[in-house]
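The values are calculated or read from the model by the stated rules, or taken from the named source; none is laboratory data. All figures in this text were calculated on a predicted structure; none of them were measured in a lab. Because the Cβ atoms are built from the backbone with ideal geometry, glycine has one as well, and the counts that use them run over all protein chains shown.
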Amino acid sequence: MSEAVGKRALGTPYLRVDALSKTSGRARYTDDLPMPGMHYAKYVRSTIAHGMVTSVDASQALAMPGVVAVFTCNDVPQIPFATAGHAWSLEPAKRDVADRLLLNRHVRHHGDGVAIVVARDELTAEKAAALVSVTYDELPVITSPEAALAADAPQIHSCGNLLKRTAINAESARATVSQSPFRFRGHFDTPVVQHCHMEGVTCYAWQEADNKISVVSSTQIPHIVRRVIGQALDMPWSHIRVIKPYIGGGFGNKQDVLEEPMAAWLTLKLGGIPVKVELSREECFFASRTRHAFHIDAEMGLTADGTLNGYHLDVLSNTGGYASHGHSIAAAGGNKIPYLYPRCDYGYSAATVYTNYPSAGAMRGYGAPQVTFALECLMDDAAAQLNIDPVDIRLRNAARSGDCNPVNKKTIYSAGLIECLKRGKELFGWDERKAEALATRGDIRRGVGVACFSYSSNTYPVGVEIASARLLMNQDGNINVQVGATEIGQGSDTVFSQMVAETLGVPVSTIQMISTQDTDITPFDLGAFASRQSYVTAPALKEAALSLRQKILDHASLMTHQAAFNMTILDGNVVLEAQPDVVVTTVAEVAMHSFYHQEIGGQLSAESSHKTQTNPPAFGCTFVDVTVDIPMCQVTINRIINMHDSGRILNPQLAEGQVHGGMGMGIGWALFEEMLINEKSGVVHNPNLLDYKMPTMVDLPDLECGFVETYEPQSAYGHKSLGEPPIIAPAAAIRNAVRMATGISVNTIPLTPKRLYREFVNAGLIRG
């Protein structure tokens, strides 16, 4: 059976399938779907970061008109559950840490939920929550991982403050480094930041007449949400229905099951009435999830010509009050970077520690930005000491096709990193800009920087990578496509429609994506995370599309008495394969015939579920030119370019949008963003978008990107990951440019004026 060879849908910048609905305001998000009789819940949150609740007085709240109920930490089920959005494992040792309750008597961070108020309107619920009086037995507050690991540190959880520790080839790598002719070391710190998605954390639940619980949620992972609700409430998973409408961004924050179990429990307690749980912007900062702060000690050994003998990273990860994704973030960071410079001895050790910080979880890049920052900064420091051009040292060590990952021993089949560096160097004008930068003197100086990255395309073999797809042909020949993979703003539905159209041989306009996921109807998928969706969903879509295509040709054969193997489908027409200009019939005519012929046919459909067992790495790099105003302690980006090897680019317009979004987040992480957390009290001082400096369009330069199109042979359509890679390299590249401009290696981000002032004073560049 041959595939369609007509007009190619993939590789073309088709308009997003949701563009018109979103720009016109017709797209319906969770908050756009209210229910009659909706009640509203608001948390009573702890005013301390660590301690035990001793009493809760809700009398004033219950006396308010419109208040329906107040539930405390003593009322909820004492069933610990895990919130991380990972695939379930049949092996207990590989499951996420179940350390959450719906409400907590032992509070572990400032703003922990200790009670919840339900009222007939949102304002009443908020006012009533403020009237609930809680007393505590306070415990010492621990905000640093080092303090948490001290022998006399109070236990944040009964299992101890060390969540997990792992190591990969650590001693061998250290030995290699120690025996190298040139050795370099550095300590690096990355901050706690928030996702700042436009749509907040929101959901509501109600109970059906058959005692099923339905939940509408802004989530990246509807099928996982169903499972976690069932576990938290000790209910059969199939008794939970989760509906995901359009979602206004997530970036990993909605890869946790945050408020859905509470909404489900409240509706159970209140007779099935619809109850909404929504976090304010302030609550999103301290009561949802953040990016893990990493403390990293890095060392590397090289030869005089810049050949990397080996390197080792030692990571201390701060997961905050609850595990959430826990140690998997630090572990994933260590598993993603070995592809980058594979022909050397690689070692990695990591520990994840509980503290009284807000809980950290998944965020775009999933540990890779932190570890890549350390590695690429140290690589630049080594290049400077060895008097080697920063691009040249990376070209010498960069991954090539045919190399082998030193950790998992997997072959790299497509590696475009060297071409990314070469083409990026040319586009950027590296040599000219570098010469101009090195010639600057005085208070206003320029610098150029470069940094590389590698990133995998899903979670296999750590996690099960399953995806499912269902294709249904309508009477007019249009195709309905259902997938469990979630559109969260990244454009996946558009790319999926292009995949189906190209494989079937029909116009993209005839593909109708069902964007809303409903776990009672939609085939199973884990959801949007780990840059997995286009790679993992593609085989299921392709299998289903090939199956449906064959059914169309088989029915066309019945209609036309032409052999199915002599026909193909081009642009929605069934044609002779040897004479593609001869139209035998059309897909629309086949559809009508299959539905309405008296004896033969039926609705043509196809379904596939596929488990992916490959995980190829994507590669790329960032080039940046900065100006550093030393007296003002200000960094200005003059030009920045991201280069990417993400295999075949399926939709250039969407790909560019993904890269621009990631670059903006990477610049924010490098220069502006950090949650200011009081180290003594654990209080977040800037939990809003006024005090938290997230870059706007005014703060960002023109964002440029380029693509080196390799073809990944393990991929259904030759593509690799792209959603998360753009955020990884900008911070290191910016830091490296600042080092070139000033001669100072600033190893803590963000590079705010306050931090640069301290560094410049210490270096004698300005007088304190």
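What to note about this one:
- The test for being touching a strand residue (DSSP E or B) at 6+ places or on another chain (Cβ under 6 Å) and closer than 20 Å to Pro145 by Cβ does not hold for Asp345.
Listed here are the residues, each with its yes/no results for (1) assigned to a loop (DSSP other than H, G, I, E, B); (2) out of contact with any Pro (no Cβ under 7 Å at 6 or more places or on another chain); (3) among the charged types (D, E, K, R).
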position	(1), (2), (3)
Ile156	yes, yes, no
Thr166	no, yes, no
Ser172	no, yes, no
Ser180	yes, yes, no
Arg183	no, yes, yes
Gln194	yes, yes, no
His197	yes, yes, no
Gly200	yes, yes, no
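- Selection within the stretch 558-577 - of a type outside the set (S, T, N, Q) and touching a Pro at 6+ places or on another chain (Cβ under 8 Å): Leu570, Asp571, Gly572
- Filter pass, Ile667 being surrounded by 18 or more Cβ atoms within 10 Å (Cβ to Cβ), out of contact with any Lys or Arg (no Cβ under 9 Å at 6 or more places or on another chain) and in the same structural domain as Ala374 (by TED's automatic domain parsing): yes
- Of the residues screened, Leu700 is one that is at pLDDT 95 or above and within 27 Å of Asp431 (Cα to Cα).
- Pick from the stretch 9-29, criterion of a type in the set (D, E, K, R) and loosely packed, with under 14 Cβ neighbours inside 10 Å, ranking: farthest from Ile514 (Cα to Cα): Arg26
- Within the stretch 749-761, considering residues that are in contact with a strand residue (DSSP E or B) (Cβ under 8 Å, 6 or more places away or on another chain) and buried (at least 17 other Cβ atoms within 10 Å of the Cβ), the one farthest from Thr627 (Cα to Cα): Ile749
- Of the listed requirements (1) at positive phi; (2) surrounded by fewer than 21 Cβ atoms within 10 Å (Cβ to Cβ), Lys693 misses just one: (1).
- Note on the stretch 324-348: residues that are part of a loop (DSSP other than H, G, I, E, B) and either at positive phi or free of Cβ contacts under 8 Å to residues at least 40 places away in the same chain (or both) amount to 2.
- Scan of the stretch 208-249 for residues that are under 15 Å from Leu266 (Cβ atoms), part of a helix (DSSP H, G or I) and in contact with a Leu (Cβ under 9 Å, 6 or more places away or on another chain), ordered by number: Ala232, Leu233
- Within the set Asn387, Asn408, the sole residue that is closer than 30 Å to Ala167 by Cβ and not small (Gly, Ala, Ser) turns out to be Asn408.
- Test: residue in the stretch 123-137 that is in a loop (DSSP other than H, G, I, E, B) and not aliphatic (A, V, I, L, M): no
- Only one entry in Ala323, Ala304, Ala298, Ala332 is closer than 13 Å to Tyr357 by Cβ and not hydroxyl-bearing (Ser, Thr, Tyr), namely Ala323.
- For beta carbons closer than 9 Å, sequence separation of 6+ or different chains, a first residue in the stretch 587-611 that is without any contact (Cβ under 8 Å) to a residue 40 or more places away in the chain and a second that is in a strand (DSSP E or B), the qualifying pairs are His593/Thr585.
- The residue list Arg45, Arg108, Arg120, Arg95 contains one member that is basic (Lys, Arg) and under 30 Å from Phe524 (Cα atoms), which is Arg95.
Quick grid of which residues meet (1) under 25 Å from the mean Cα position of the chain (by Cα); (2) under 18 Å from Leu541 (Cα atoms); (3) buried (at least 24 other Cβ atoms within 10 Å of the Cβ); (4) of a type in the set (Phe, Trp, Tyr):
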| position | (1), (2), (3), (4) |
| --- | --- |
| Arg433 | no, no, no, no |
| Arg441 | no, no, no, no |
| Gly449 | no, no, yes, no |
| Cys452 | yes, no, yes, no |
| Val462 | yes, no, no, no |
| Leu472 | no, yes, no, no |
| Asp476 | no, no, no, no |
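- Residues being farther than 20 Å from Phe294 by Cα and touching a residue at least 40 places away in the same chain (Cβ under 8 Å) - total across the stretch 137-158: 6
- Scan of the stretch 721-768 for residues that are free of Cβ contacts under 8 Å to residues at least 24 places away in the same chain and in a loop (DSSP other than H, G, I, E, B), ordered by number: Gly743, Ile744, Val746, Gly764, Arg767, Gly768
- Every pair of residues 6+ apart whose Cβ atoms lie under 8 Å, when the first sits in the stretch 84-99 and is touching a residue at least 24 places away in the same chain (Cβ under 8 Å) and within 25 Å of Ala485 (Cβ to Cβ) while the second is surrounded by fewer than 14 Cβ atoms within 10 Å (Cβ to Cβ) and not charged (D, E, K, R): none
- Residue within the stretch 180-198 that is crowded, with 22+ Cβ neighbours inside 10 Å, over 30 Å from Ala298 (Cβ atoms) and in contact with a strand residue (DSSP E or B) (Cβ under 8 Å, 6 or more places away or on another chain) present: no
- Within the stretch 704-720, being buried (at least 22 other Cβ atoms within 10 Å of the Cβ) and either assigned by TED's automatic domain parsing to the domain that holds Ala540 or part of a loop (DSSP other than H, G, I, E, B) (or both) holds for Val708, Thr710, Glu712, Tyr717, Lys720.
- Test: residue in the stretch 723-732 that is farther than 26 Å from Ile329 by Cα and either among the β-branched types (Val, Ile, Thr) or at pLDDT 95 or above (or both): no
- The listed residue being assigned by TED's automatic domain parsing to the domain that holds Glu419 and either out of contact with any Asp or Glu (no Cβ under 7 Å at 6 or more places or on another chain) or crowded, with 24+ Cβ neighbours inside 10 Å (or both), out of Ala368, Ala351: Ala368
- Asn309 fulfils the conditions (1) surrounded by fewer than 24 Cβ atoms within 10 Å (Cβ to Cβ); (2) in contact with a helix residue (DSSP H, G or I) (Cβ under 6 Å, 6 or more places away or on another chain); (3) under 21 Å from Ile229 (Cα atoms) except for a single criterion, (3).
- Any hit, the stretch 396-413, residues being without any contact (Cβ under 8 Å) to a residue 40 or more places away in the chain, more than 21 Å from Pro713 (Cβ to Cβ) and not aromatic (Phe, Trp, Tyr): no
- Scope the stretch 394-431; condition over 28 Å from the mean Cα position of the chain (by Cα) and aromatic (Phe, Trp, Tyr); matching residues: Phe428, Trp430
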